[in-house]
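Reviewing the structure listed below.
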Amino acid sequence: MTNSLHRFGRYADVQAALADPHLVPPPAESGPPGSMAWLRGTVARFSAGETHARRRALVESDLARLDPAALRAATESGPDGDARLLVVRTLAEGLGLPDPDAVAKAITVVAGVYFGGEDADADTAVAWLLHQMLGSQQSEALLELAANRIGLLVQACDTTAGLVDNARRVADACPATHPTEAVLAETLRHDPPVRAMRRVAVRDTRIAGTEIAEGDVVILDIAVANRDPQVFADAETFDPERSGPPPLTFGSRPRLCPGRDHALALAAGILDGAPTNHTPDPAEAVSVMVEHVLALAATWTAWDGRPFPADDRIYTPHKAIRRVADHLVDHLAELEARLAGEEPQPDHWPASAITTKADLAPFTPADLDEARSRLARLSRIWVNRLNALTPEQLDHSPGPGWTFRKLALHLSGPVYYADAIGDLGGPT
Ligand code: HEM
């Protein structure tokens with residue numbers, strides 16, 4: 001018998017599913033110590049029952065050593081730039097880990113495949129992190145402690161930076177100014193950085209009258225539940241002054257995010273940090289965009305075949321990858337033409353206005369691997385190309401149209417296609 005996939009988006013149903021002990025995060029198969037598989041197999045996040053409780057206690061004792069107010073002060077005075085690096089570096093420093101900057105870089109690599117997929121660089125990063133934390137001492141207990149410390153940093157990385165990005169975007173669009181805490185609280189509801197969670201049934205159970213058989217997969221649509229009109233008045237409106245029940249973005253007991261106070265403090269510090277004269281690095285913007293898309297795509301093999309509507313269009317995993325890749329190719333062709341003194345080719349792309357049969361195809365692990373190879377190469381081509389340009393070429397670019405700096409920053413736009421699908425597998 002094949003297993004079914006269920007999807008819930010009503011607040012009460014998602015809450016009931018989160019509280020159901022028969023629905024657990026999909027367990028991860030372990031591997032040799034120091035590998036990505038070992039990390040997944042040893043952290044609280046993918047464990048259940050007593051093992052989960054023991055590992056969660058390890059995380060909680062690490063978190064108890066980190067004072068949210070001190071974290072906030074550290075990110076507030078921290079350097080501008082990639083929020084993920086700042087978040088992880090601040091936590092690593094607070095935990096007393098040597099070389100927090102290198103730890104932060106390694107964690108961003110691990111975060112890209114935390115929810116699935118193979119990646120040699122991530123295996124190397126996990127092995128390095130483990131060595132950094134333990135040296136040659138490797139008892140079972142110490143290995144479990146180190147894995148959960150790495151897990152804590154990975155869990156914090158993309159989620160907290162995603163919250164900062166989303167809060168900045170909505171705050172920019174919001175006519176009035178509000179306290180940072182209120183903006184963050186409403187961003188967690190309105191534009192959650194974790195959009196879905198996945199569970200698997202370890203026993204037959206029932207949610208909202210739906211029978212769920214052992215082995216069935218359940219997707220909990222947090223972004224939809226947070227806008228449930230039964231629970232939130234005027235749910236589509238961003239209103240930092242709203243009161244009412246909490247959004248489900250930090251999950252729920254028994255797995256309620258243990259780092260929520262830390263996340264809010266880190267994010268508030270970054271948002272309130274002294275503005276600098278930082279000019280965004282266009283090469284970094286492109287590579288961050290591609291990493292973000294690939295981190296989401298890693299969860300799309302769980303897609304059930306139903307397209308996602310966004311505005312007046314529909315999106316699917318293949319369509320999102322097609323659009324991200326074509327957008328990179330399109331503007332690269334424009335940039336190269338202008339550098340060569342040619343007219344860029346006229347724009348005849350139907351782009352996302354069409355949905356092809358290929359767009360509707362299932363998104364398999366092989367498709368994910370192909371997308372990784374394709375987008376990673378396109379990203380490198382862009383980074384190398386931009387880094388080879390002189391400041392003059394970047395800001396006073398030849399030919400008609402935007403400067404090359406602006407063009408590259410505009411490339412972050414396709415995140416939209418990927419965000420329309422979101423995270424189908426679980427929170428980071
Ligand atoms: C806005 C930022 C964050 C969001 C939205 C978020 C969300 C979540 C959610 C929804 C879960 C539960 C997963 C599940 O039920 O399947 C979770 C677990 C977890 N989070 Fe967070 N998190 C954030 C930041 C952080 C930070 C900053 C830390 C650490 C400093 C952290 C550490 C953890 C850990 C260790 C777990 C696993 C707990 C367990 O398995 O019992 N998170 N997070």
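Taken together, the values in this text are just the output of simple stated rules run on the coordinates, not laboratory data. Since this is a predicted model, take the numbers as computed values, not measurements. Here the Cβ is made from the backbone with ideal geometry for all residues, glycine too, and neighbour counts use every protein chain on show.
Sorting the segments 312-321, 21-30, 392-401 by their residues' average number of neighbouring beta-carbon atoms within 10 angstrom, most packed first, yields 312-321, 21-30, 392-401. Multiplying the residue separation of A120 and H410 by 0.36 nm and subtracting their alpha-carbon distance yields 101.4 nm. Full extension of the segment from T364 to V170, taken as 0.36 nm per residue of separation minus the current Cα-Cα distance, would add 66.5 nm. Relative to the longest principal axis of the Cα atoms of the chain, the long axis of helix 83-94 lies at roughly 40 degrees.
Only helices enter the 222 nm calculation for the chain: every DSSP H run of n ≥ 4 contributes -39,500 (n - 2.57), and dividing by all residues gives -16500 deg cm²/dmol, rounded to 500.
Summing Lys and Arg as +1 and Asp and Glu as -1 over all other residues whose Cβ lies under 10 Å from the Cβ of N166 gives a net charge of -1.
Ranked by the mean number of other Cβ atoms within 10 Å of their residues, highest first, the peptides 337-350, 57-70 come out as 57-70, 337-350. Note on D67 and E392: their simple-model spin labels are 5.3 nm apart, each label 7 Å out from Cα toward Cβ. Considering only beta bridges that DSSP places wholly inside the chain, some 75 percent are antiparallel.
Electrostatic bookkeeping for H410 treats Lys and Arg as +1 and Asp and Glu as -1; over the other residues with beta carbon under 12 Å from its beta carbon, the sum is 0.
Applying 1/(1 + (r/R0)^6) with R0 = 25 Å to the Cβ-Cβ distance of K357 and D330 gives a FRET efficiency near 0.70.
Could you work out how far apart the two model spin labels at I381 and F238 are, taking each label as a point 7 Å from the Cα in the direction of the beta carbon, and quote it in nm? Calculated label separation equals 3.4 nm. Of the residues A171, A267, A104, the one that moves most in a GNM of the chain with alpha-carbon contacts below 10 Å is A171. Here, the stretch 282-421 has an Rg and a Dmax of 15.7, 48 Å when only alpha carbons are counted. Electrostatic tally near A358: other residues with Cβ closer than 9 Å to its Cβ, Lys and Arg +1, Asp and Glu -1, net +2. Here the peptides 177-183, 73-79, 156-162, 220-226 are ranked by packing, the mean other Cβ count within 10 Å, and the order with the highest first is 156-162, 220-226, 73-79, 177-183.
Taking a point 7 Å out from the Cα of D101 in the direction of its Cβ, none of the residues of the stretch 135-168 has a backbone N less than 12 Å from it. Size of the chain from its Cα atoms: along the principal axes, largest to smallest, the extents are 66, 49, 48 Å.
Only one residue of M133, L163, V24 has its Cα farthest out toward the positive end of the dipole of the chain, where Lys and Arg carry +1 and Asp and Glu -1 on Cβ, and that residue is V24. Taken about its Cα centre, the stretch 128-173 carries a charge dipole of roughly 120 debye when the Cβ of each Lys and Arg holds +1 and the Cβ of each Asp and Glu holds -1. Against the chain, whose longest principal axis is taken from its Cα atoms, helix 140-173 shows a tilt of about 50°.
Taken about its Cα centre, the stretch 85-187 carries a charge dipole of roughly 220 debye when the Cβ of each Lys and Arg holds +1 and the Cβ of each Asp and Glu holds -1. From Cα pairs below 8 angstrom and at least 6 apart in sequence, can you work out the relative contact order of the stretch 5-272, rounded to a whole percent? Averaging sequence separation for qualifying contacts and normalising by length gives 30 percent for the stretch 5-272.
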